[in-house]
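Report on one structure; see the data block that follows.
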Amino acid sequence: MSRLVDGVRHFRSAEYPKRSDQFQSLAGGQSPNALFICCSDSRVNPTLLTNSEPGDLFVVENAGNIVPPPGRPGGGGEHGTGGEAATLEYAVRALKVPEIIVCGHAKCGAMGGLMAPESLGSLPLVADWLEHSTSVRERVNAEHADASPQEKVDAAIKANVLLQLEHLRAHDCVKEALAAGTLTLSGWVYDFVSGEVIRWDEDQQSWVEVA
Ligand SMILES: [Zn+2]
């Protein structure tokens, strides 16, 4: 029996009974605190990281915590709608989430691939996907020309979060909610090794600790 089936057995017998009231109360709908956009990386667990419960977070996970912008494949309209754009629209217009967090993370393989495109020879779809963040590679290589490869990946992880906030701001649903004052955007980077979480401070134009 697979590890996952054992996990379901444990959930049904030990976890669900403790939470059955909670799940019953969620049957009528959801009103999540945030749309949380993070990497698919198995080491990133947004619910654990934010001490959240079922019903608290609406989550998008993909390679590199990327949001295709309007005017690019997957960004919606004539260029085709991807899961990210549709999920974003639903979160903002239907669920009216008050906050969107884009969370990058340390040791991100997607950002490693972005900075070393020659390593993506057998991953043409990943290479295509990372095209959404090409400007990050160009900017990091220009601004950190003398940095080591690892330092460049670390810089790309942060720069990519900021680029995705720009992509978010370009979507109509986000523009409308920001103009109405009903939505805030945040950029985080999570280091799962040290447990540290930093956020981009727009006023200070620097990264500061979350909380
Ligand atoms: Zn990652």
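Answer yes or no: is there a residue in segment 30-41 that is touching a Phe, Trp or Tyr at 6+ places or on another chain (Cβ under 7 Å), open to solvent by 40 Å² or more (accessible area, probe 1.4 Å) and touching a residue at least 60 places away in the same chain (Cβ under 8 Å).
no
Output yes when any residue across segment 84-97 is among the acidic types (Asp, Glu), in contact with a helix residue (DSSP H, G or I) (Cβ under 9 Å, 6 or more places away or on another chain) and assigned to a loop (DSSP other than H, G, I, E, B), and no when none is.
no
Would segment 96-115 turn up any residue that is more than 16 Å from the ligand (Cβ to nearest atom), on the phi < 0 side of the Ramachandran plot and hydrophobic (A, V, I, L, M, F, W, C)? Break it down stepwise before answering.
Initial filter on segment 96-115 (more than 16 Å from the ligand (Cβ to nearest atom)): 96-100.
This time we only want the ones that are on the phi < 0 side of the Ramachandran plot, so: 97-100.
Keeping just the survivors that are hydrophobic (A, V, I, L, M, F, W, C) gives 97, 100.
Yes - at least one qualifying residue is present in segment 96-115.
Of the residues ALA34, ALA27, ALA86, ALA91, only one is away from the ligand (no atom under 16 Å from the Cβ), of a type in the set (A, V, I, L, M, F, W, C), within 19 Å of LYS175 (Cβ to Cβ) and out of contact with any strand residue (DSSP E or B) (no Cβ under 6 Å at 6 or more places or on another chain); which? Break it down stepwise before answering.
On the way: ALA34 fails: out of contact with any strand residue (DSSP E or B) (no Cβ under 6 Å at 6 or more places or on another chain); ALA27 fails: within 19 Å of LYS175 (Cβ to Cβ); ALA91 fails: out of contact with any strand residue (DSSP E or B) (no Cβ under 6 Å at 6 or more places or on another chain).
Exactly one of ALA34, ALA27, ALA86, ALA91 is away from the ligand (no atom under 16 Å from the Cβ), of a type in the set (A, V, I, L, M, F, W, C), within 19 Å of LYS175 (Cβ to Cβ) and out of contact with any strand residue (DSSP E or B) (no Cβ under 6 Å at 6 or more places or on another chain), namely ALA86.
Go through segment 116-139 and report how many residues are closer than 25 Å to PRO70 by Cα, within 16 Å of the ligand (Cβ to nearest atom) and in contact (Cβ under 8 Å) with a residue 24 or more places away in the chain.
So the count comes out to 6.
Which one is surrounded by the fewest Cβ atoms within 10 Å (Cβ to Cβ), of the residues in segment 56-107 that are small (Gly, Ala, Ser) and closer than 20 Å to PRO32 by Cα?
ALA94
The values are calculated or read from the model by the stated rules, or taken from the named source; none is laboratory data. Quick caveat, the model's predicted, so the values are computed rather than measured. Every residue, glycine as well, gets a Cβ built from its backbone with ideal geometry; the counts of neighbours run over all protein chains shown. Areas reflect the complete protein model, heavy atoms only, side chains present, ligands, DNA and RNA absent. Shrake-Rupley method; radii C 1.70, N 1.55, O 1.52, S 1.80 Å.
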